[in-house]
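The values are calculated or read from the model by the stated rules, or taken from the named source; none is laboratory data. Please read all numbers here as calculations on a predicted model, not as lab measurements. Backbone-built Cβ (ideal geometry, glycine too); neighbour counts: all protein chains shown.
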Amino acid sequence: MIRIQKLSSLLSNQIAAGEVVERPASVIKELVENSLDAGATKIDLEIERGGMRLMRVRDNGSGIHQDDLGLALSRHATSKIKNLDDLEKILTLGFRGEALASVSSVSRLTLSSAVANEKGWQISSQGAEDAPSLTPTSHPQGTTVEVNDLFFNTPARRKFLRTEKTEFDHIDELIKRMALSFFEVEFILKHNERLVRHYRAAKTDKERELRVSSLCGPAFVENALKIEMNAVGLKLWGWIAQPTFSRAQADLQYFYVNGRMVKDKLVSHAVRQAFHDVLYGGRHPAYVLFLEVDPTQVDVNVHPTKHEVRFRESRLIHDFICRSIQDALAEVRPHTCESHQPIKEPVLMSAEEPVTTVASVQREKYYPTQFNKQHPLPLKVQEQLAVYEKLHAPIPTATIERNNEKPPALGFALAQLKYIYILAENAEGLVLVDMHAAHERVIYEKLKQNLATQGIIAQPLLVPITLSLSEREANCIESHMMLFERVGMTIERLSVENIVVRQMPDLLRDGNVEQLIRDIAADLIEHEKSARIEEHIEKLLGTMACHAAVRAQRKLTIPEMNALLRAMETTDHSGQCNHGRPTYTHFSMQELDKIFLRGR
């Protein structure tokens, strides 16, 4: 019989290191978090061979007292919490007090530190259980941690490390995430004695945007919306890229809770739902967002690497994030000039209706008669001018009269290109509009508005639908009956694993009810919330809008084009159709001049 025995402190630390220290980037994360908790405003990092040979982190924080250096390398020793009350309102990045002990058990670690107005001291550990000794050293206020030969005493772990470049890329990405959160801290990163990154402290809004631009790319900042929302003790601020700047992968998504970078399913679901009807299929949004919440309302002690958190009011947090992003996206529309009264809804006429034109517009305005008499044009050129005059009708009266006004955001229509695009002129230059996509968004938003004001029309089923679910799914459905009633669905529980659907929204009468119910139950179990019914209805409204919108190859009159442009200026999300495609783009005069090399 194998007897129970207590593990040695070294083995305990090495087991803990298996959870905390996965690779060199894991070590850097723990050390930099300690520096930030110490109030450092400058952090220098020196890496050799991707961190496998050397990792040195130096900061100018408050430092560690001489008497505490030995405790710093012992397990579960920390200055950040003292009792259970502190654990329930954590304001620091680290709090468990096991990082240095775990790292020192699998490496050769040297810790040097000095507090204000005192000399420095140094302590070293070689992965052994022997108590390390203190030695004096010359060191400014702050702390320096050197980690050499990671996993030197656990060769099996070392075999799982990747190439030098791959390991350094993980460190580089980690520092990038840290720099995005702590704008006021200066970060210097060197690899193999070569300066790789230098992020200077950013204290003003302009400096913060410059740091975001250097970390996420100038294109992100140029296409990003800066948001700041406050409600019920919550604050969400940061940058979200417009839907037209979507990504093929979720590689530009940074979310922080009280300064801590997290990858949380609840947060991801809320952001994805906020973008669901403005993103093209399969694309991912880009964002850098910061959520500030009362520390007592969030539990950060739910994962060994502290990448996940748990919210006490998860539904409230989910709705706040989703609604904040939706409101910010809805405000993105062309700004209408005050002098112009927009038409709220376009009235598109048929192609056969006559267009009111100016009879006094003479050909001589464009092709002077005097010029033709003095310099007769070749016959071929005259024929081409005649064809051009037949293809292009004179400009309508309404458009000529508006030319003296200050153009609105999307300008005044000039012509139609291939019966697909509208060409318009505004104060900045040329606007190009996809008429089908634009009209589709206008109709879609109007249908959603009508649905919100008139409510969902429900229809009793002549033959109720009986579904067999698992007991857990049935319990979840029963506990959320109010949710289904709110969207026009009546459900009753028949037995432990059976429910019956007696009433459905009229728009979903042809849908797959069983699959919809199962998907909703899965959402409720995972997120305590589901918007699948609303999404199904919105998808149907989108289909209706797509079929009702003006089609390509449809000839529009100038008044019709202007009516559509004015409607876009007052419609939410008018920059994209409900499939996520852009509805318009514009070219400034500077961009046009650059294309044609004017001024060179």
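Residues checked against (1) under 25 Å from HIS198 (Cβ atoms); (2) among the aliphatic types (A, V, I, L, M); (3) at pLDDT below 95; (4) within 39 Å of the chain's Cα centre (by Cα):
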{"site": "ALA101", "(1), (2), (3), (4)": "no, yes, yes, yes"}
{"site": "ALA116", "(1), (2), (3), (4)": "no, yes, yes, no"}
{"site": "ALA131", "(1), (2), (3), (4)": "no, yes, yes, no"}
{"site": "LEU161", "(1), (2), (3), (4)": "no, yes, yes, yes"}
{"site": "GLU167", "(1), (2), (3), (4)": "yes, no, no, yes"}
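Conditions tested, residue by residue: (1) of a type outside the set (Asp, Glu); (2) surrounded by fewer than 16 Cβ atoms within 10 Å (Cβ to Cβ); (3) touching a Phe, Trp or Tyr at 6+ places or on another chain (Cβ under 7 Å).
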| residue | (1), (2), (3) |
| --- | --- |
| SER124 | yes, no, no |
| PRO136 | yes, yes, yes |
| GLY142 | yes, no, no |
| GLU146 | no, no, no |
| PRO155 | yes, yes, no |
| ARG162 | yes, yes, no |
| LYS165 | yes, yes, no |
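Residues in the range 476-502 that are out of contact with any Leu (no Cβ under 6 Å at 6 or more places or on another chain) and either crowded, with 16+ Cβ neighbours inside 10 Å or outside the structural domain of ILE465 (by TED's automatic domain parsing) (or both): ILE477, LEU483, PHE484, VAL487, GLY488, MET489, THR490, ILE491, VAL501. Scanning the range 81-113 for residues that are among the polar types (S, T, N, Q), in contact with a Ser or Thr (Cβ under 9 Å, 6 or more places away or on another chain) and buried (at least 22 other Cβ atoms within 10 Å of the Cβ) returns SER104, SER105, SER107, SER112, SER113.
Checking ILE28, ILE4 one by one, the residue that is of a type in the set (A, V, I, L, M), more than 18 Å from GLY120 (Cβ to Cβ) and under 37 Å from the mean Cα position of the chain (by Cα) is ILE28 and no other. In the condition set (1) touching a strand residue (DSSP E or B) at 6+ places or on another chain (Cβ under 7 Å); (2) on the phi > 0 side of the Ramachandran plot; (3) of a type outside the set (D, E, K, R), GLY259 is compliant with all but (1).
Given the options GLY50, GLY70, GLY63, GLY39, name the one that is in contact with a helix residue (DSSP H, G or I) (Cβ under 7 Å, 6 or more places away or on another chain), in the same structural domain as GLN141 (by TED's automatic domain parsing) and not hydrophobic (A, V, I, L, M, F, W, C).
Result: GLY50 is the single residue among GLY50, GLY70, GLY63, GLY39 that is in contact with a helix residue (DSSP H, G or I) (Cβ under 7 Å, 6 or more places away or on another chain), in the same structural domain as GLN141 (by TED's automatic domain parsing) and not hydrophobic (A, V, I, L, M, F, W, C).
When the range 421-458 is filtered for residues that are within 30 Å of HIS276 (Cβ to Cβ), within 32 Å of the chain's Cα centre (by Cα), in contact (Cβ under 8 Å) with a residue 40 or more places away in the chain and part of a loop (DSSP other than H, G, I, E, B), only ILE456 remains.
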